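A.B. asks: I'd like to ask you about the structure that follows.
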Amino acid sequence: MNPPETNDPLDKMLREQNSHIDDAGFTARVVSALPRRHLRFRLRPILLLAAAAIGSVLATLWLPRAGLPVLSAPALFSLDFQVLGPWAILLLVAASLTWAVIAAMRPED
């Protein structure tokens, strides 16, 4: 490996704490050549939130809220599927809807 040069002009410029390095318009040309963001990137969160809202409405209508068995400690520890099955389905639906909302709200890179 070669030792670093002691007379490097860029190193000298950076050490002087110069806040602007003249690039003869290079940065402006690169930024203007970048592709524009498409509309589909803005539609993604809207579509995901709409799907989560529709899923919430369907879950409210179709899941048997009144028929849920009472969740007690003995039923929980006995691992009875008749008691835990409906609760597991309810939790999976709620988790997937929450996941959809979180995915919709995440900023895109």
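The values are calculated or read from the model by the stated rules, or taken from the named source; none is laboratory data. Here the structure is a predicted model, which means the values were calculated and not measured. Note that each Cβ is placed from the backbone with ideal geometry, even for glycine, and that neighbours are counted across all protein chains shown.
A.B. asks: Being part of a helix (DSSP H, G or I), surrounded by 11 or more Cβ atoms within 10 Å (Cβ to Cβ) and out of contact with any Pro (no Cβ under 9 Å at 6 or more places or on another chain) is the filter here, so list the residues in segment 64-77 that pass it.
C.D. replies: Scanning segment 64-77 gives a single hit, Leu76.
A.B. asks: I'd like the full set of residues that are at pLDDT below 80, more than 23 Å from the chain's Cα centre (by Cα) and not aliphatic (A, V, I, L, M), limited to segment 21-73.
C.D. replies: Selection gives Asp22, Thr60, Trp62, Pro64, Arg65, Gly67, Pro69, Ser72.
A.B. asks: Here is a follow-up. Looking only at segment 79-105, count every residue that is surrounded by 12 or more Cβ atoms within 10 Å (Cβ to Cβ) and more than 15 Å from the chain's Cα centre (by Cα) and tell me the total.
C.D. replies: Within segment 79-105, residues that are surrounded by 12 or more Cβ atoms within 10 Å (Cβ to Cβ) and more than 15 Å from the chain's Cα centre (by Cα) number 9.
A.B. asks: Let me ask something else. Can you tell me which residue is nearest to the chain's Cα centre (by Cα) among those in segment 1-20 that are surrounded by 10 or more Cβ atoms within 10 Å (Cβ to Cβ) and modelled with pLDDT of 70 or more?
C.D. replies: Of everything passing the filter in segment 1-20, Leu14 is nearest to the chain's Cα centre (by Cα).
A.B. asks: Give just the number: which of (1) assigned to a helix (DSSP H, G or I); (2) in contact (Cβ under 8 Å) with a residue 12 or more places away in the chain; (3) exposed (fewer than 10 other Cβ atoms within 10 Å of the Cβ); (4) not β-branched (Val, Ile, Thr) does Leu61 not satisfy?
C.D. replies: Single failed check for Leu61: (2).
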